[in-house]
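First the structure, in the form of structure tokens, and then the observations on it.
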Amino acid sequence: MKFNHLIQINDKLNPLVDPLSRAQLWRGLVLRAEAPQLFMEHLDDCRIFDKTPDGVSRELRYGNLTVFDTVTFLPLLQVHYQVPAQGEIGASNMHMRIEEPEPDALFVRFEYDIDQPADPTGEEAFYNEFRRSAYEAADIDTIRVIRELAAQQQLGE
């Protein structure tokens with residue numbers, strides 16, 4: 001299953017939305033990888049095994065489910081989450097890419113590539129739509145948390 005969606009960050013036509021700088025947005029996206037508990041209430045624990053300027057290797061615990069992943073950073077541009085196949089979980093990739101079609105017009109494109117049959121039918125197709133909606137809601141929530149952290153001056157600037 002592959003899909004993507006775009007979330008607008010700054011809207012010059014809406015003075016009610018506080019703009020974020022690219023640096024603030026970037027720090028928020030990196031923080032989601034380094035401190036995911038701030039962004040995912042249902043996450044029980046996160047252990048970081050390796051942390052470099054280029055990314056982190058993590059163990060995430062959701063109840064009895066443990067997921068290992070690697071997150072790599074392309075500074076001020078992209079965060080890439082890679083989950084290898086493990087147990088009953090298929091391989092997946094997610095990119096969060098900052099786009100700026102014109103100065104200060106920031107967007108984040110979320111791209112998902114989840115290892116599943118190319119043409120799901122019936123129940124699997126139904127669950128794919130549910131997954132897509134859940135991922136989009138989580139991504140909207142990610143941006144909400146980043147905005148809150150910026151408003152609390154926790155992301156600089």
Among the residues of region 80-93, are any of a type outside the set (D, E, K, R), surrounded by 12 or more Cβ atoms within 10 Å (Cβ to Cβ), farther than 24 Å from residue 34 by Cα and touching a residue at least 40 places away in the same chain (Cβ under 8 Å)?
no
Between a residue in region 127-138 that is assigned to a helix (DSSP H, G or I) and any residue that is surrounded by 13 or more Cβ atoms within 10 Å (Cβ to Cβ) and of a type outside the set (Val, Ile, Thr), which pairs come within a Cβ distance under 7 Å, given they are 6 or more apart or on different chains?
128/1; 128/120; 132/3; 135/112; 136/5
Quick test for you: out of 104, 54, 69, pick the one residue that is exposed (fewer than 15 other Cβ atoms within 10 Å of the Cβ), touching a Ser or Thr at 6+ places or on another chain (Cβ under 9 Å) and over 25 Å from residue 19 (Cβ atoms).
54
Conditions: (1) under 14 Å from residue 30 (Cα atoms); (2) in contact (Cβ under 8 Å) with a residue 24 or more places away in the chain; (3) open to solvent by 70 Å² or more (accessible area, probe 1.4 Å). Residue 146 meets all but one. Number of the miss?
(3)
Per the filter on region 3-27, residues charged (D, E, K, R) and either within 20 Å of residue 70 (Cα to Cα) or in contact (Cβ under 8 Å) with a residue 24 or more places away in the chain (or both) are 12, 18, 22, 27
Taking into account only those residues within region 125-136 that are open to solvent by 60 Å² or more (accessible area, probe 1.4 Å) and not polar (S, T, N, Q), which is farthest from residue 55 (Cα to Cα)?
126
Per the filter on region 1-20, residues part of a loop (DSSP other than H, G, I, E, B) and surrounded by fewer than 16 Cβ atoms within 10 Å (Cβ to Cβ) are 11, 12, 13, 14, 15, 16, 17, 18
Got a number for residues in region 28-51 being under 21 Å from residue 110 (Cβ atoms) and either free of Cβ contacts under 8 Å to residues at least 60 places away in the same chain or open to solvent by 50 Å² or more (accessible area, probe 1.4 Å) (or both)?
11
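The values are calculated or read from the model by the stated rules, or taken from the named source; none is laboratory data. On a predicted model such as this, the values are computed, not experimentally measured, just so you know. No Cβ is skipped: glycine too gets one built from the backbone with ideal geometry, and neighbour counts run over all protein chains shown. Only protein heavy atoms, including side chains, enter the accessible area calculation; ligands, DNA and RNA are left aside. Shrake-Rupley method; radii C 1.70, N 1.55, O 1.52, S 1.80 Å.
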